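Here the structure comes first, spelled out in structure tokens, and everything after it is commentary.
The values are calculated or read from the model by the stated rules, or taken from the named source; none is laboratory data. Small disclaimer: the values here were computed from a predicted structure and weren't measured. Note: ideal-geometry Cβ built from the backbone for every residue, glycine included; neighbour counts use all protein chains shown.
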Amino acid sequence: MNLELGDLEELYQDVILDHSRRPRNFGELSDAAVRVHGDNPACGDEIHLAVKFDGNRGLEEIKFTGHGCAISQASASLMTTKLKGKSRDEVEEMLGAFHDLVTSENNDAPKKLGDLRAMRGVRKFPQRVKCAMLPWRAVEQALRQTEGEATVSTEEPEFA
Ligand code: ZN
């Protein structure tokens, strides 16, 4: 695949740089119901996601800490701003839409993804797709738990 300068510019859009430098919802969540530790050994990204559910199992609170490349941190930050306060159905819909956004060649960024559409540039960089998906894999894992701790890694066989 031939990469052009424009591809890199698309990858590191202002909104991504802004979120990686000043991540939103970054910090501890003392009364979290579920904590998920995600890691992407290929890049060295780590994320600790903490969530709290509302009465209908929606995402009442979501926060993260961690470190890694600009893409992984920006993806986590953008994700938390988008998913906080959302119902379970909305979260699952967003998960699918985001996965399509960063993996599908001919997907035209649905409007509902908002600022997350800035992440579409990663589709040209397979290693960066893992970085972008890491926080989303963590939230997917969090939805499967009702309480406790879990881990998720990009090197697991189920990770595609
Ligand atoms: Zn990374």
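For the range 127-149, filtering for residues that are within 20 Å of Leu113 (Cα to Cα), of a type in the set (D, E, K, R) and more than 16 Å from the ligand (Cβ to nearest atom) leaves 1.
Each residue in the range 13-56 was checked for being among the hydroxyl-bearing types (Ser, Thr, Tyr) and within 13 Å of Ser72 (Cα to Cα), and 1 pass.
Look at the range 14-28 and say how many of its residues are away from the ligand (no atom under 16 Å from the Cβ) and part of a loop (DSSP other than H, G, I, E, B). Steps first, please.
Our first condition is that a residue be away from the ligand (no atom under 16 Å from the Cβ); within the range 14-28, this holds for 14-15, 18, 22, 24-28.
In the following step, the residues that additionally are part of a loop (DSSP other than H, G, I, E, B) were identified as 22, 24-25, 27-28.
Number satisfying all stated conditions: 5.
Looking at Ala142, Ala138, Ala160, Ala150, just one residue is at pLDDT 85 or above and not in a helix (DSSP H, G or I), and that residue is Ala150.
The set of residues in the range 94-107 being assigned to a helix (DSSP H, G or I) and touching a residue at least 12 places away in the same chain (Cβ under 8 Å) consists of Met94, Leu95, Ala97, Phe98, His99, Leu101, Val102, Thr103. The selection criterion, being touching a residue at least 24 places away in the same chain (Cβ under 8 Å), assigned to a strand (DSSP E or B) and basic (Lys, Arg), does not hold for Lys130. Scanning the range 18-33 for residues that are in contact with a strand residue (DSSP E or B) (Cβ under 6 Å, 6 or more places away or on another chain) and more than 14 Å from Pro135 (Cβ to Cβ) yields Gly27, Leu29, Ala32, Ala33.
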